[in-house]
1. Name every residue in the stretch 299-333 that is touching a residue at least 40 places away in the same chain (Cβ under 8 Å), of a type outside the set (Lys, Arg) and open to solvent by 60 Å² or more (accessible area, probe 1.4 Å), in order of residue number.
2. Would you please list the contacts, defined by Cβ atoms under 7 Å and residues six or more apart or on different chains, that run from a residue in the stretch 127-156 that is more than 18 Å from residue 188 (Cβ to Cβ) to a residue that is of a type in the set (A, V, I, L, M, F, W, C) and assigned to a loop (DSSP other than H, G, I, E, B)?
3. Condition (residue is out of contact with any Phe, Trp or Tyr (no Cβ under 9 Å at 6 or more places or on another chain) and open to solvent by less than 20 Å² (accessible area, probe 1.4 Å)) applied to the stretch 178-185: is it met by at least one residue?
4. From the list 217, 245, 225, pick out the single residue that is of a type outside the set (Asp, Glu), crowded, with 17+ Cβ neighbours inside 10 Å and under 22 Å from residue 278 (Cα atoms).
5. Could you please find all residues in the stretch 295-348 being among the charged types (D, E, K, R) and closer than 15 Å to residue 254 by Cβ?
6. Scan the stretch 146-171 for residues that are at pLDDT below 95 and of a type in the set (A, V, I, L, M, F, W, C) and jot them down.
7. Among the residues of the stretch 318-355, which ones are among the polar types (S, T, N, Q) and not in a loop (DSSP other than H, G, I, E, B)?
8. Just to be sure I understand the filter: pairs with C-beta atoms under 7 Å, separated by 6 or more residues or on different chains, first member in the stretch 249-261 and at positive phi, second member assigned to a loop (DSSP other than H, G, I, E, B) and among the aliphatic types (A, V, I, L, M). Which pairs pass?
Amino acid sequence: MTTSLPGRTAPPPPTPTPARRLGARARTAVTAVAVVLLAGSAAGYALYAGHRPGGRQGAADASFTLDGPALYFRDTATGRVAHQPLPRAEDGAGRTTGGPACDRFHAAGGTALCLRAEPGVLPKTYAVVLDQKLREVRRTIVPGVPTRARVSASGQMLAWTVFATGDSYSATGFSTRTAVLDLRTGYLVKSLEEIPLTIDGVRHHSPDVNYWGVSFARDDSRFYATVSTKGRTYLVEGNMDDWSAKALRENVECPSLSPDNTRVAFKKKVSDDPAAPWRLYVLDLRTMKETPLAETRGVDDQAAWTDDGTVAYALPGGDGRASDVWSVPADGTGAPRMLVAGGSSPVAVTGAGAP
């Protein structure tokens, strides 16, 4: 049954063409293989989850809310969300802990999205929606391992991506599943794979289409994301209102739209070295000019804009830390600087109820 949204035409039910039936059979085969692979790794995954710092109590302390200006992030030492002041959020000065336990986190417009991994024979993810006081208002359970989370500037549109199989974007044969939730209507798009996709002006049909890394525009309809198909990755511009997506440019992953909606920060594949295949770039959406940023280390993250001139991102940390948060100017000048030792999932919150 298809649910219609007010002021929006619901996507029509798929036609069971031979190509779609073949795609379904291919997905069934891939799922069967995934069950075997993930079941074999379940014991190790459960052991990892059981030894996470700080336990999995989940809920934020009563005094910990969304308020700024502050840089919010996942604290590696506790596994919980923390924050520290902006604009000079560095060296751990003023760090406040006590947020929810999350594996991925993002917030804007008085809404937060917390992705929490749970082990099992097959791993699953809780996509938890939180209000400005970081109280749970909705929870969705999806199979897979959490990897990307985004909230629109208004706080009304949310997107998350999980790995259905595999555990890295650099792995071959990985599969993702990206969902979009509209809080205005409560409508959940369980998978963006069904959105009609156009590449080079031609409607694209393929069973290997994967989406990840959604970033919403201010109008809450337009969005940017990565799509992978037939061994290539593309930046796509999508529209939730007319239910369409078109490829704009090849070799763009994990786009992050700037606050002024004019540029996209992204990771670009520049090497076949599996240890550092990507580098951070910024794309001007009007001119389609790319600018390499001063960060030359390999970044496997969806960058977050702390303002219109700066992006933040996570890198593997020193001294045994899982990751640190760094920032770099968005115009290619300057040099990287560390914002948080022992952190990930950075997001700038400029004020109560504001992105």
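The values are calculated or read from the model by the stated rules, or taken from the named source; none is laboratory data. All figures in this text were calculated on a predicted structure; none of them were measured in a lab. Quick reminder, even Gly has a Cβ in these numbers, built from the backbone with ideal geometry, and neighbours come from all protein chains shown. Areas reflect the complete protein model, heavy atoms only, side chains present, ligands, DNA and RNA absent. Shrake-Rupley method; radii C 1.70, N 1.55, O 1.52, S 1.80 Å.
1. Restricting attention to the stretch 299-333, the residues satisfying the condition of being touching a residue at least 40 places away in the same chain (Cβ under 8 Å) are 300-308, 311-312, 317, 321-323, 325, 328, 330-332.
Narrowing further to those that are of a type outside the set (Lys, Arg): 300-308, 311-312, 317, 322-323, 325, 328, 330-332.
Passing the criteria: 300, 307, 308, 322, 331.
2. Filtered contacts from the stretch 127-156: 132/66; 132/352; 134/60; 134/64; 134/66.
3. yes
4. So the residue among 217, 245, 225 that is of a type outside the set (Asp, Glu), crowded, with 17+ Cβ neighbours inside 10 Å and under 22 Å from residue 278 (Cα atoms) is 225.
5. Matches in the stretch 295-348: 295, 300, 301.
6. Across the stretch 146-171, the qualifying residues are 163, 164, 171.
7. 327, 344, 345
8. Hits for this filter: 261/217.
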